Amino acid sequence: MHLIKLSATPSTNNFLKQLSVNHPVSDFTVVWADVQTNGKGQMGASWVTQGANNLTFSVYVSEKYLLIEHLFTLNIMVANAVLKALYFFNLTDIWVKWPNDILAVNKKIAGILIENTIKSSGSFSAIVGIGINLNQTDFEGFPQASSILNQFGIEINKEELLQKIVAFLKEAILNAANISEKEWRFYHEHLFRKDMVSTFENKVGGLFNGIIKEVNRHGQLVVQLENDDLMCYNLKEVKMLY
């Protein structure tokens, strides 16, 4: 693993993206910043770190490992890598909330942003951005956010956690042909509120109850409605209220 350590940058994803444009970048190169001033989340949301209290980094994966039909499987592998690394430190009650937010009990402690570049050959490269709230204690204005320190009362070594996440991710990607189904099973075993009645809000503000059954291979959330129909939702078409 080639590690580039920065004291601060607007976005580790953008830094790694620009680096890959201007220079050859080896697989699993990591850009790690103590402070990220203009970090990005899903669908244009921001992800800003408080001082150097959290872990923010990005990983480069080239197209030689990734086929377009496995586009969402990469999301699964990344989320699983974060889960497995946190379990390594004996943390419990860690879940993945569709598509790839990481929760401790019911508070968000980590987010993932994957930016793909699709090639004409049918493969794609990816820059995987991961942000984990480690030691931040103040989340004013973000009632659903928390940190490992807040949730568990412990501090985790940043570099050791980073190394574990990248190791789990690399193992999954290099063995994708053989273990992708195993990765999907692990993801579903740790999917937040799977097989439980939950309240959802659709994109026009309507509320309804349903049960999460799975996430399909297209990355859609499959929900069983009260009339037993199964509905498939894309990102931002539905929001779980919890």
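If you count, for each residue, the other Cβ atoms within 10 Å and average over each peptide, how do 5-14, 199-208 line up from highest to lowest?
Ranking the peptides 5-14, 199-208 by packing returns 5-14, 199-208.
Carbon-plus-sulfur fraction of the accessible area of region 69-125, 1.4 Å probe, in percent?
Ligands and nucleic acids excluded, carbon and sulfur reach 51 percent.
Hey, got the dipole for region 143-199? About the Cα centre, +1 on K and R Cβ, -1 on D and E Cβ, debye to the nearest 20?
Here region 143-199 has a charge dipole of around 120 debye.
Taking the Cα centre of the chain as origin, work out the dipole magnitude from +1 charges on Lys and Arg Cβ and -1 charges on Asp and Glu Cβ, in debye rounded to 20. Numbers along the way, then the final one.
On the way: 21 positive and 23 negative charges, 72 e Å.
Dipole of the chain, to the nearest 20 debye: 340 debye.
Count the net charge of all other residues whose Cβ sits under 13 Å from the Cβ of Lys203, scoring Lys and Arg as +1 and Asp and Glu as -1. The partial results should precede the final answer.
Numbers: positive: Lys236, Lys239; negative: Glu201, Glu237.
Counting the neighbours of Lys203, the net charge comes to 0.
Tabulate in residue order the Karplus-calculated ³J(HN,Hα) for region 208-213, using 6.51 cos²θ - 1.76 cosθ + 1.60 with θ = phi - 60°, rounded to whole Hz; enter x for Gly and Pro.
So the Karplus estimates, Gly and Pro as x, are 7, 9, x, 10, 5, 9 Hz.
Using the heavy atoms of the protein chains and a 1.4 angstrom probe, tell me the accessible area per residue for the chain in square angstrom.
Counting only protein heavy atoms, the per-residue value for the chain is 48 Å².
Specify which residue in the list Val238, Phe192, Leu169 is farthest towards the positive end of the charge dipole of region 164-242, using unit charges on the beta carbon of Lys, Arg (+1) and Asp, Glu (-1), about the Cα centre.
Among Val238, Phe192, Leu169, the one farthest towards the positive end of the dipole of region 164-242 is Leu169.
Summing Lys, Arg as +1 and Asp, Glu as -1, what charge do residues with Cβ under 13 Å from the Cβ of Ile109 carry, Ile109 excluded?
+1
Mean Kyte-Doolittle of at least -1.0 and a Cα length of 18 Å or more along the axis: which whole DSSP H helices of the chain meet both?
Going by DSSP H runs, the hits are 71-88, 158-174.
For Cα pairs less than 8 Å apart in space and 6+ apart in sequence, what is the mean separation divided by the residue count of the chain, i.e. the relative contact order in percent? Before the final figure, lay out each step's value.
Numbers: 464 pairs, mean separation 38.5, N = 242.
Worked out over the chain, it gives 16 percent.
Whole-Hz ³J(HN,Hα) for each residue in region 134-143, computed from phi via Karplus 6.51 cos²θ - 1.76 cosθ + 1.60 with θ = phi - 60°, x for glycine and proline: what do you get?
9, 10, 5, 10, 9, 10, 4, x, 10, x
Could you pull out the GluC sites (Glu not before Pro) across region 137-192 that fall in loop regions by DSSP (anything but H, G, I, E, B) with no more than 16 other Cβ atoms inside 10 Å?
Loop-located and lightly packed - Glu140, Glu155.
What's the FRET efficiency of Leu67 with Glu155 using the Cβ-Cβ distance as r and R₀ = 41 Å, to the nearest 0.05? Walk me through the intermediate numbers first.
Working: r = 39 Å, r/R0 = 0.96.
For Leu67 and Glu155, the calculated efficiency is 0.55.
Rounded to whole Å, give me the distance from the Cα center of region 154-171 to that of region 69-112.
13
Between beta-carbons, use under 11 Å as the cut-off and find the net charge around Phe124, counting Lys and Arg +1, Asp and Glu -1.
Within the 11 Å Cβ shell, the charges total -1.
The values are calculated or read from the model by the stated rules, or taken from the named source; none is laboratory data. This one's a predicted model, so the numbers in the text were calculated from it and none came from an experiment. Note that each Cβ is placed from the backbone with ideal geometry, even for glycine, and that neighbours are counted across all protein chains shown. Quick note on the areas: whole protein, heavy atoms, side chains included, nothing else; ligands and nucleic acids left out. Shrake-Rupley method; radii C 1.70, N 1.55, O 1.52, S 1.80 Å.
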